[in-house]
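A.B. asks: Before I ask anything, let me first share the structure, which is written out below as structure tokens.
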Amino acid sequence: MYIIAVSHQKGGVAKTTTTLSLGACFAERNQRTLLIDLDPQGSLTSGLGLSPAEMTRSASDVLMGLEPLSSVVRETELPNLSIVPSNADMIMAAQCLQSLARYEYKLKDSLTDPALSPYDIVLLDCGPSLGALTIAALTASDMAIIPTQCEYFSLQALNSTFELVRAVRAKTNTRIKFRLLVTMFDLRGKLHSQTLAYIQQHFSAAILQTIIGFDSKLRESQVAGKPITAYAHGSRGALQYRQLAEELLTYVQRPVPQAA
Ligand SMILES: Nc1ncnc2c1ncn2[C@@H]1O[C@H](COP(=O)(O)OP(=O)(O)O)[C@@H](O)[C@H]1O
Ligand SMILES: [Mg+2]
């Protein structure tokens, strides 16, 4: 089981879009995939057409030790794709988690539930925070994907996420690697191209080769409650996320060198 957290301290950088689209592409490739919604806002849950308010159980029950992970998993309409939803209880969970002993390991430990179906890949959609929930997600993960836009303020915000990954690596999870994913890239924008060149120069060992361009179909699919592969099968966004899944599968199948 290979575990990937999609994390960034900022909101609106495509964490949820990446988790959902990538998950659907892994599932398409016959990888048994589990998505876990760790954001109290529940956008991943609603991105799959489920209403967070109607979810009687959520990832919060697992983090609080009330339910085993297996009892909170839901199948989706897509083969090979399951989800652990979020609901409003996650707000409390995010606040209380830190007061629990060994809270950093709560998610990691829950993934060893013997009743859990076997999954090849688990994707964790983190909320825009560097708090206890994100620390628990990073502690459980083999890799953190950090989506970023090619803009000055996005680059500035990367540092605190990098620092958190390094702190987690030093304290609770020596095996974690991180990879940057450039998203919402505008080919026509000169500034985007310049910033991309800067990123490629400064983070060469840590950047994913696949770049996700701007595609309004991704936005529409989120509103429609479907992954991009189901909403617009042949769209540019779907093709690029398939390419990303392919790139990551080579990582999943053999060890990756640690970058930075
Ligand atoms: N490649 C893209 N092209 C166009 N819009 C995108 C793209 N990726 C994400 N979006 C849109 O940007 C907004 C923020 O994305 P989201 O995944 O919810 O970010 P986060 O989870 O980091 O807060 C959403 O409306 C989403 O549909
Ligand atoms: Mg999100």
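The values are calculated or read from the model by the stated rules, or taken from the named source; none is laboratory data. Bear in mind the structure is a predicted one, so any value in this text is a computation, not a measurement. Ideal geometry is used to build each Cβ from the backbone, glycine not excepted, and the neighbour counts take in all protein chains shown. Only protein heavy atoms, including side chains, enter the accessible area calculation; ligands, DNA and RNA are left aside. Shrake-Rupley method; radii C 1.70, N 1.55, O 1.52, S 1.80 Å.
A.B. asks: Please identify the trypsin sites (Lys or Arg not before Pro) of the range 174-260 that satisfy two criteria: DSSP loop assignment and at most 14 other Cβ atoms within 10 Å. Which are they?
C.D. replies: Sparse-neighbourhood loop trypsin sites (Lys or Arg not before Pro): R175, R188.
A.B. asks: Would you kindly derive the ³J(HN,Hα) couplings of the range 14-23 from the backbone phi angles with the Karplus curve 6.51 cos²θ - 1.76 cosθ + 1.60 (θ = phi - 60°), listing them in order in whole Hz, with x for Gly and Pro?
C.D. replies: Karplus-based 3J(HN,Hα) across the range 14-23 equals 5, 4, 5, 4, 5, 4, 5, 5, 5, x Hz.
A.B. asks: Can you tell me the dipole magnitude for the chain around its Cα centre, using point charges on the Cβ only (Lys, Arg +1; Asp, Glu -1), in Debye to the nearest 20? Show your work: numbers first, answer last.
C.D. replies: Details: 23 positive and 22 negative charges, 146 e Å.
The dipole magnitude comes to about 700 debye.
A.B. asks: Hey, what do the phi angles of the range 79-86 turn into as Karplus ³J(HN,Hα) couplings, whole Hz, using 6.51/-1.76/1.60 and θ = phi - 60°, x for Gly and Pro?
C.D. replies: x, 6, 10, 10, 9, 9, x, 10
A.B. asks: Something else: Could you tell me the calculated FRET efficiency between Q98 and S70, based on Cβ-Cβ distance and R0 = 22 angstrom, to the nearest 0.05?
C.D. replies: Values: r = 25 Å, r/R0 = 1.15.
After rounding, the FRET efficiency stands at 0.30.
A.B. asks: Turning to a different aspect of this structure: Calculate one ³J(HN,Hα) per residue across the range 65-72 by plugging θ = phi - 60° into the Karplus curve 6.51 cos²θ - 1.76 cosθ + 1.60, and present them in order as whole Hz with x for glycine and proline.
C.D. replies: x, 8, 9, x, 4, 4, 7, 10
A.B. asks: Still on this structure: According to a simple spin-label model (label point 7 Å from Cα along Cα-to-Cβ), what is the distance in nm between A88 and L187?
C.D. replies: About 4.5 nm, to one decimal.
A.B. asks: Could I ask something else about it? For the range 1-105, which trypsin sites (Lys or Arg not before Pro) are both in a DSSP coil and crowded by at most 13 other Cβ atoms within 10 Å? All intermediate terms of the calculation are to be shown ahead of the outcome.
C.D. replies: Values: sites: K10, K15, R29, R32, R57, R74, R102; in loops: K10, R29, R32, R57, R102.
Those that pass, being in a loop and sparsely packed, are R102.
A.B. asks: Could you give me the percent of Cα pairs per 10 Å distance bin for the range 116-242, shortest bin first, beginning at zero and ending with the bin that holds the maximum distance?
C.D. replies: Each 10 Å bin holds this share of Cα pairs: 11, 36, 37, 16, 1.
A.B. asks: For labels at S160 and A224 in the simple 7 Å Cα→Cβ model, what's the distance in nm?
C.D. replies: Going from the S160 label point to the A224 one covers 3.6 nm.
A.B. asks: Can you tell which of L181, L22, L111 shows the greatest fluctuation in a Gaussian network model of the chain with Cα springs below 10 Å?
C.D. replies: Maximum among the listed residues: L111.
A.B. asks: How large is the accessible surface per residue of the chain, computed with a 1.4 Å probe and reported in Å² as a whole number? Don't jump to the answer; show the numbers that get you there.
C.D. replies: On the way: 11430 Å² over 260 residues.
Accessible area per residue: 44 Å².
A.B. asks: Would you grab the residues whose amide H sits under 5 Å from the one on V122? Only those 5+ places off in sequence or on another chain, please, with H modelled 1.01 Å from N.
C.D. replies: Y2, I3, I4, L34
A.B. asks: Hey, another quick one. Mind listing P(r) for the range 2-253? All alpha-carbon pairs, 5 Å bins, whole percents.
C.D. replies: Whole-percent P(r) values from 0 Å outward: 1, 7, 15, 19, 21, 18, 12, 6, 2, 0, 0.
A.B. asks: With a 1.4 Å probe and all protein chains left in place, how much of the accessible area of the range 2-253 comes from carbon and sulfur atoms, in whole percent?
C.D. replies: In the range 2-253, the share of accessible area belonging to carbon and sulfur is 52 percent.
A.B. asks: Among 60-71, 34-45, how do they line up from the highest to the lowest mean number of other beta-carbon atoms within 10 Å?
C.D. replies: Averaged packing, sorted descending, gives the order 34-45, 60-71.
A.B. asks: Could you work out the relative contact order of the chain? I mean the mean sequence separation of Cα pairs under 8 Å and 6+ apart, divided by the number of residues, in percent.
C.D. replies: 26 percent
A.B. asks: While we're on this one: Identify all lysines with a Cα-Cα distance to K177 below 23 Å; exclude those on the same chain that are fewer than 8 residues away in sequence.
C.D. replies: K10, K15, K106, K108
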